[in-house]
Amino acid sequence: MRRPCPPRGPRGFSLIEVLVAVLVSAVGFSAVFALQIRTMQGNISAREQSAAMVLAESAFETLRTETYRWRVETPPAGLLSVSRNVWHTASPNGPVDQAGLPLEAGGVLGSQLARQRFCVHYWLENMAGTFSNMLNVRIRIIWPRSPQDTGNLADICTEGGASAFRENLPENIALWNSLVLPGALRMRD
């Protein structure tokens, strides 16, 4: 007569099963972490584009305000009294933050964050014919692609940097983000 087998206790996991489970979990977690990093980078990019658009609209409104004082013979001093068909700077004192404020030496004005640095350029062109009392306007906002590379931004914010930016376009595309807001301004009759 045979003896009955004793009941078996609970079995554990083998070492290979544990290693496979750890490997699958590690791959899954690394994918989730990569997704989180991309999401944060996308949010930063969206915030910068939004800030650039607000800054461009603010610069356009500044130009619109100056057109109210404009007369055909003599444009008012300020942003409108420049040569046409050339890029000019609207931030001659260097980079500005998202509110258009420069960072002063004492740190009173402007954002302390290096990422929130922008250059504001503008282009004016006289329209002809029926639209001879209007200006074709372009506002260009430039900011660095990399948070560590803000060093040359001050050079781009100068009057010479505004006109030279397009000449070095291939290398500038790799280093800088830009946004251009087109519009038209009407002289007040």
### Summary
Those helices (runs of 4 or more DSSP H) completely within the stretch 150-189 that have 1 or more residues that are surrounded by 13 or more Cβ atoms within 10 Å (Cβ to Cβ) and in contact (Cβ under 8 Å) with a residue 60 or more places away in the chain are 153-156, 159-164
### Query
Which of the residues belonging to the stretch 125-169 are modelled with pLDDT of 85 or more and among the β-branched types (Val, Ile, Thr)?
THR130, VAL137, ILE139, ILE141, ILE142, ILE156, THR158
### Query
Of ALA77, ALA52, ALA114, ALA46, which residue is assigned to a loop (DSSP other than H, G, I, E, B), of a type in the set (A, V, I, L, M, F, W, C) and either surrounded by 12 or more Cβ atoms within 10 Å (Cβ to Cβ) or modelled with pLDDT of 85 or more (or both)?
ALA114
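How many residues are part of a strand (DSSP E or B) and either in contact with a Pro (Cβ under 7 Å, 6 or more places away or on another chain) or among the polar types (S, T, N, Q) (or both) when one looks only at the stretch 122-136?
2
The values are calculated or read from the model by the stated rules, or taken from the named source; none is laboratory data. If you're wondering where the values come from, they're calculated on a predicted model, not measured in any experiment. Glycine gets a Cβ as well: all are built from the backbone with ideal geometry, and neighbour counts include every protein chain shown.
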